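K.L.:
This structure is in structure tokens; I'll ask about it shortly.
The values are calculated or read from the model by the stated rules, or taken from the named source; none is laboratory data. It should be emphasised that the depicted structure is a prediction, and the values quoted were computed from it without experimental measurement. With ideal geometry, Cβ positions are generated from the backbone for all residues, glycine too; neighbour counts draw on all protein chains shown. Note: areas computed on protein heavy atoms with side chains; ligands, DNA, RNA excluded. Shrake-Rupley method; radii C 1.70, N 1.55, O 1.52, S 1.80 Å.
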Amino acid sequence: MDALIRFILNGQPEETGEPGDTTLLQYLRGTRCLRGAKEGCGTGHCGACSVLIDGQLRRSCVTKLKAVEGRSVETIENQARDGLLSDIQRSFLDAGAVQCGFCTPGMVMATKALLLKNANPSEEEIREGLKHNYCRCTGYVKILQAVRLAAARIRGEDPDPESFRTGESTTVVTGRGQDVPPLKGTAVGRSVWDVDGPAKVTGTLKFCDDLDPADLGEESMLWGAFVWAPAPRARILSLDVTQAEKAPGVVRVLTWKDVPGVNKFGNWTPEQPVFCRDEVRFLGDHPALVVADSDRHAREAARLVKVEYQALDDGIYSMEQGYRRESFIVHTGRQAGDVESARKREDLVRVRVSKDIDPQEHACMEPESAIGLYRDGRVTLYACTQAPFEVRRNLAAVLALPEERIRVVATPLGGGFGSKCDSTVEAPAAVAGYVCRRPVKITLNRYESLIAGTKRHGYHTDYEVGFTRDGKFEYLDCRMFSDGGPYECESYGTLMTGCLMSGGPYEVKNLRVEGSAVRTNNLLGGAFRGYGINQAAISIETALDMAAEKLGLDPFELRRRNAVRAGSYSVGGERLEHSVGLLDTIDQCELRLRQALREYQGKYPQGSRVLGWG
């Protein structure tokens, strides 16, 4: 046993014999059940685990327990007193600075650390104080407002929260603001708090990885850790789990043989193995899951599983390579009018655009997590999913159970943005809970999330667009390719949406669109805000800007001349009957851009910087 470590935790003496190389975050969440601090990255980058140590902001996921010997540690659980929120917590709610809530406890602690040193920080000083705390939901504008509001309150002022929402100068109102009660009745015309906002700012809202056995009505829980693919394209020759099964705390090692029903999952077309049997097709595949009495024991034992494999040289790692080999998840297209005749016209102005658009990681603050539980003949799955009904339908086949014997509980999402529309850990967790007859939790770390989770599809687009001299769309000839990875996931839906929006919100008489979602051995492509439209928009809007320059037209005017209206047909062939607000939108965009340009030019000398505005 290690020497006892003594420190102060939230004002009370603390003594522990835990190993000194345990991280402070592991101790807080695992031993002390203080789960307000979150593990978003595990490498000290995201700030979700922020605590104060002797009044200084520290990231507990990279702070060893032995480093707090004789020091004072303060966590989010110490901020609200006697049932009342602190000024900082209340300010985050009043300013609307809370969305998913996963990063919020860390943000509150970072704000406290800043305001302890400086009760009247400038915006630059606020940005500096929060620079190690990431948020993927808010865009930080409301967070900056919340810190300013909290600072004013701590200074003893009594500002009107609305003045911080609107950015106007603060005004003093009489009487201290009281905590807003839970929302009841109508909210139209008044500012209200997020319904579970108080739980988010106090760190008491339970995300999937925060759930413990008592939350599930159970006495204990097991943890699962994957054995990952040894190569992106390989044949599995043998799988030796002997040493892993003998490791401390291990209850069972699951493989494809343990799946009760169909060994495939996927919310659109089930293709991805729950556990790989003969081969792996990308780095996020897994041939086995080690189930143990703790996350540490499961991960240690997973490293003992021996996978003998043969790397295969027929892998596909580019869209061009996949297209040549006709390796398609889906290949589709549409024609309308007569593109070939339009292309022959010599009086047209033509532009050509080719774009390579890289894949994009969602970087949700909360990594994927799920808990499978079997009780009284029913399977319950707790998961941070955006698609509970699709997951339930899929699990019925995997578990060989009727849907009415499966329940999927969608836990609060610490960010989703489309990445949690697809399944990652849901099926393995459900199988593990069913087979082991005990709750089994699987939570990915950040590295695992990066290799197993879906990305915004990488795209390649080739556009040729013809305009008449007066700036009217004459034809669109377009090919777009997306990198779907080895399994379908949301590739079908996102490609179809991209094709439908390939011509943007504009009228096109003659069009030819070809779309291919290419099957590769790269990471999985899936849903991401915009769902395939963004990649198409980059290409078509670039083409319009190039055409405006060639035609000598204002870019806004060119868009007005081609904008869809009531009665227009979209690129997909749908007639737009009512309420097409594009012209009003273009007008507002132009107004805002010209206003921003005037402000920008007044602030910076001509030619000193370039303004990018979306």
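K.L.:
Of all residues in the range 126-147, count the ones that are over 23 Å from Ser60 (Cα atoms) and without any contact (Cβ under 8 Å) to a residue 24 or more places away in the chain.
P.N.:
Step one: list which residues in the range 126-147 are over 23 Å from Ser60 (Cα atoms), which gives 138-139, 141-142, 144-146.
Next, only the ones that are without any contact (Cβ under 8 Å) to a residue 24 or more places away in the chain stay: 139, 141, 144.
Qualifying residue count, the range 126-147: 3.
K.L.:
Restricting attention to the range 251-267, report how many residues are without any contact (Cβ under 8 Å) to a residue 60 or more places away in the chain, buried (at least 20 other Cβ atoms within 10 Å of the Cβ) and either under 16 Å from Val379 (Cα atoms) or aromatic (Phe, Trp, Tyr) (or both).
P.N.:
0
K.L.:
While we're on this one: Exactly one of (1) open to solvent by less than 10 Å² (accessible area, probe 1.4 Å); (2) within 20 Å of Lys112 (Cβ to Cβ) is unmet by Gln12. Its number?
P.N.:
Unmet condition: (1).
K.L.:
Looking for something farther than 21 Å from Leu348 by Cβ, polar (S, T, N, Q) and open to solvent by 70 Å² or more (accessible area, probe 1.4 Å) - is there at least one such residue anywhere in the range 564-579?
P.N.:
yes
K.L.:
Only residues in the range 341-352 that are in contact (Cβ under 8 Å) with a residue 60 or more places away in the chain and surrounded by 12 or more Cβ atoms within 10 Å (Cβ to Cβ) count as the first member; pair them with residues that are of a type in the set (A, V, I, L, M) and in a strand (DSSP E or B), Cβ under 6 angstrom, at least 6 apart or cross-chain, and list the lot.
P.N.:
If the second residue must be of a type in the set (A, V, I, L, M) and in a strand (DSSP E or B), the pairs left are Val351/Val465.
K.L.:
Pull out all pairs, ordered by first then second residue, where Cβ-Cβ is under 8 Å, the residues are six or more apart or on different chains, the first lies in the range 573-586 and is within 23 Å of Cys499 (Cα to Cα), and the second is open to solvent by 100 Å² or more (accessible area, probe 1.4 Å) and among the hydroxyl-bearing types (Ser, Thr, Tyr).
P.N.:
Arg575/Tyr569; Leu576/Tyr569
K.L.:
Could you count how many residues in the range 442-451 are open to solvent by 10 Å² or more (accessible area, probe 1.4 Å) and closer than 30 Å to Gly217 by Cβ?
P.N.:
In the first step, residues of the range 442-451 are kept if they are open to solvent by 10 Å² or more (accessible area, probe 1.4 Å); the result is 443, 445-448, 450-451.
Checking the rest, the ones that are also closer than 30 Å to Gly217 by Cβ come to 443, 445, 448.
The qualifying residues number 3.
K.L.:
Can you run down the residue pairs with Cβ atoms below 6 Å, 6 or more apart or on separate chains, where the first is in the range 235-250 and at pLDDT 95 or above and of a type in the set (A, V, I, L, M) and the partner is open to solvent by 30 Å² or more (accessible area, probe 1.4 Å) and in a helix (DSSP H, G or I)?
P.N.:
Taking only residues 6 or more apart or on different chains, not a single pair turns up.
K.L.:
Just need a number here: residues in the range 587-601 that are open to solvent by less than 90 Å² (accessible area, probe 1.4 Å) and either in contact (Cβ under 8 Å) with a residue 40 or more places away in the chain or not polar (S, T, N, Q) (or both).
P.N.:
Count: 7.
K.L.:
Please state which one of Ala527, Ala547, Ala517, Ala536 is over 30 Å from Cys137 (Cβ atoms), touching a helix residue (DSSP H, G or I) at 6+ places or on another chain (Cβ under 9 Å) and in contact (Cβ under 8 Å) with a residue 40 or more places away in the chain.
P.N.:
When all the criteria are applied, what remains is Ala547.
K.L.:
Quick one: what pairs do we get from the range 385-405, first residue within 14 Å of Val262 (Cα to Cα), second open to solvent by 70 Å² or more (accessible area, probe 1.4 Å) and small (Gly, Ala, Ser), C-beta under 7 Å, 6+ apart or different chains?
P.N.:
none
K.L.:
A further question on this structure: Is it the case that some residue within the range 64-72 is closer than 22 Å to Arg446 by Cα and either open to solvent by 50 Å² or more (accessible area, probe 1.4 Å) or touching a residue at least 12 places away in the same chain (Cβ under 8 Å) (or both)?
P.N.:
Filtering the range 64-72 down to residues closer than 22 Å to Arg446 by Cα leaves 64-65.
Next, from what is left, pick out any that are either open to solvent by 50 Å² or more (accessible area, probe 1.4 Å) or touching a residue at least 12 places away in the same chain (Cβ under 8 Å) (or both): 64-65.
Yes, the range 64-72 has at least one match.
K.L.:
Then there is this: Out of the range 1-41, which residues are among the small types (Gly, Ala, Ser), within 24 Å of Lys206 (Cβ to Cβ) and in contact with a Leu (Cβ under 8 Å, 6 or more places away or on another chain)?
P.N.:
Ala37
K.L.:
Within the range 457-505, track down each residue that is over 13 Å from Ile540 (Cβ atoms), open to solvent by less than 20 Å² (accessible area, probe 1.4 Å) and without any contact (Cβ under 8 Å) to a residue 60 or more places away in the chain.
P.N.:
Thr494
K.L.:
Does Arg561 count as in contact (Cβ under 8 Å) with a residue 24 or more places away in the chain and among the charged types (D, E, K, R)?
P.N.:
Values: in contact (Cβ under 8 Å) with a residue 24 or more places away in the chain: yes; among the charged types (D, E, K, R): yes.
When the stated conditions are applied, Arg561 passes them.
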